[in-house]
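Every read-out reported here was derived from the displayed coordinates using simple, explicitly stated rules and does not represent laboratory data. This one's a predicted model, so the numbers in the text were calculated from it and none came from an experiment. Cβ: placed from backbone, ideal geometry, glycine included. Neighbour counts: every protein chain shown.
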């Protein structure tokens, strides 16, 4: 896990100070080592490590450069230093992430005659590219963003893992190509104005989105490589040419979709999940685990317990009392595995003091105050001396985690697909256990169906709601110029016929690919790396994702449980009290109380906004502030997002 940076100029005149600055500004991503590569105009290479960097040429012109910061996890020796080259010095790589199946790939390459000089997964990537070219990424199981300089073909081969766990941001205008692990690095290298991407900002401020549904970012000229994509940049000519290739996409596997053996499905999930955790335990440093008390993180903890004899370090962040405090459930898991448990209660009063740091590390305004919980759990792990933790993100987005009783989407799926026996048993179960009458279930299903049909027919309903909610808060021009461009309004077209007839799968697809998971993973990367901690997410092993996403939805939701088959696969491993939970909630911070207690600060921040900013109606917000923060029923979360937006704009000097 590391930080990467790159600067290339077709005229052969990069700014050396800026590539160094963009590398040094992310020291927290890689405090253990650093290195640089400089590409001369004759395509010769100079490389420097921490011992030789002081002897570099200071008055030379270069066509390109790599800057690298290392967090040493696998092969802690100097052999793992980056940028790394092959023996011919024709291929160079800088890499952020982990390839968990690197040992298996290494063995295959050794059988083909390759000789390795290190024990790192970085060298495995490099030789995989030499052997298999662009298709090498299809062999990798892990998380990655990397750039390979191929001097034979005079190109850059850049790639991001299937789910975008590790980020790659870039700027390109044909003459310059800049990239980095974080947006702020690219901003430092850019020679153009830092303009707000109003489409993305609109979706964040008004539609309550993470704002990251496409390759665009909050900055107009900065883009990101999308999950499952490679970027190939031809650097041979006077103008750089870029080609974007999709190499992987989430699809339904028809063989899995036809399965109807419940035991086989749960056994297969257990097999895939255990193997995912097993290979993610590969490390030359100690690994800890984040534990919330829900079935997902508990599954990771208990699986590690089954696989190893080591005493785990477990980290739990808590807030509030009663239903907002899940310590009791976490302690059940700690008792079962005998782990060393670290806990911390988050004091909301301290949140604002760290808010600027949190926004700085995330490169964007915060969607929810709850993001602070992830920030604190990685801080707790770092304070315990760990550099790697397992975390439980991902399963909710492809295994029905966002559905709730009485599951009208599921009833609709069973009805549309003529699964009468399952429909009857589900209705009976919802009545007996959930306490729903037949009439209540009938109304819930048909209300959902009618609402869905009306939305499909009318179409503009979403726009109308956005427009009405934005009135008074935002300038008219900002609303009307961006409402038709909203990425959330775009309908997702499914190639697979199964998704058209399955509301569970189609909603999960959107959550996974567009609305939730990309933003969540960005938080995981930024919040963990802020404390030099690598976060591994075993639920995002592509084999497990493809299998669970493809199985019929009656194995996703059953008997009023979401993630049904996963829960069944963990029986006897995770305490039943955890697996039987239907009341799991995420980490929670009360935004209303946070802003209410800091009303003077909120007012001061809003007052600093220009009256003619063209986005927010400053006077309206100031006049409404007392009312919004005096009564919870009057509060609107747009105030939180506007507050964050202003701080972000000031921090990054965006116009």
Report summary line: In nanometres, the difference between 0.36 nm per residue of separation and the alpha-carbon distance of residue 41 and residue 620 is 202.8 nm
Report summary line: For the pair residue 350 and residue 601, the simple spin-label estimate (label points 7 Å beyond Cα toward Cβ) gives in nm 1.3 nm
Query - Calculated Rg and Dmax of the range 278-337 using C-alpha coordinates, Å - result: 12.3, 40
Query raised in the report: Which order do 7, 266, 553 fall in if you start with the one that has the fewest other Cβ atoms within 10 Å?
Result: 266, 553, 7
Report task. Mind ranking 476-483, 30-37 by how tightly packed they are, going by the mean number of other C-beta atoms within 10 angstrom, highest first? Result -> 30-37, 476-483
Query raised in the report: Once the Cβ-Cβ distance between residue 476 and residue 173 is put in as r, and R0 is 41 Å, what FRET efficiency do you end up with, to the nearest 0.05?
Result: 0.80
Requested in this report: Determine the shape class of the range 166-259: with a ≥ b ≥ c the square roots of the Cα gyration tensor eigenvalues, call it rounded for a/c under 1.5, and otherwise prolate if a/b is greater than b/c, oblate otherwise.
Outcome: oblate
Query raised in the report: When N counts the residues of the range 240-391, how does its alpha-carbon radius of gyration compare numerically with 2.2 N^0.38 Å, as a ratio?
Result: 1.29
Query raised in the report: Between the range 241-271 and the range 10-37, what's the alpha-carbon centroid distance in Å?
Result: 39 Å
Report task. Mind checking the full-extension length gain between residue 627 and residue 577? Use 0.36 nm per residue of separation minus the Cα-Cα distance, one decimal, nm. Result -> 13.7 nm
Report task. Per DSSP H run of at least 4 residues, take -39500 (n - 2.57); add these up for the chain, divide by its residues and hand me the 222 nm value, nearest 500 deg cm²/dmol. Result -> -12000 deg cm²/dmol
Query raised in the report: Label points 7 Å out from Cα along the Cβ direction at residue 429 and residue 611: separation in nm?
Result: 6.2 nm
Query raised in the report: Most exposed first by the Cβ proxy, i.e. fewest other Cβ within 10 Å, how do 25, 390 rank?
Result: 25, 390
Requested in this report: With a Förster radius of 45 Å, plug the Cβ-Cβ distance of residue 242 and residue 437 into 1/(1 + (r/R0)^6) and report the FRET value to the nearest 0.05.
Outcome: 0.15
Report summary line: Protection proxy (average C-beta count within 10 Å per residue), highest first, orders 395-403, 574-582, 193-201 as 395-403, 193-201, 574-582
Query raised in the report: Taking a quarter of the surface of the Cα convex hull of the range 139-180, what do you get in nm²?
Result: 3.7 nm²
Query raised in the report: When all C-alpha to C-alpha distances in the range 405-458 are sorted into bins of 5 Å, what percent of pairs does each bin hold, rounded to whole numbers?
Result: 4, 21, 29, 25, 13, 6, 3, 0
Query raised in the report: Taking the alpha-carbon centroid of each part, what is the distance from the range 309-375 to the range 576-655 in angstrom?
Result: 21 Å
Query raised in the report: Between residue 464 and residue 27, what length in nm is gained on full extension when 0.36 nm per residue of separation is reduced by their alpha carbon distance?
Result: 152.7 nm
Query raised in the report: log₁₀ I(q)/I(0) of the range 504-577 at q = 0.12, 0.15, 0.23 Å⁻¹, via Debye over equal Cα point scatterers, no solvent, to two decimals?
Result: -0.45, -0.69, -1.13
Query raised in the report: Along the three principal axes, how long is the range 591-652 when you take its alpha carbons, biggest first, rounded to the nearest angstrom?
Result: 30, 21, 17
Query raised in the report: For the peptides 225-233, 10-18, 292-300, what is the packing order when you average, over each peptide's residues, the other Cβ atoms within 10 Å and list the highest mean first?
Result: 292-300, 225-233, 10-18
Report summary line: The correct pair for the chain, radius of gyration to one decimal and Dmax as a whole number, both in Å and from Cα atoms, is 25.3, 80
Requested in this report: State the antiparallel share, in %, of DSSP beta bridges confined to the chain, rounding to the nearest 5.
Outcome: 80 percent
Report summary line: 1/(1 + (r/R0)^6) with r = Cβ-Cβ of residue 446 and residue 254, R0 = 30 Å, i.e. FRET efficiency to nearest 0.05, evaluates to 0.45
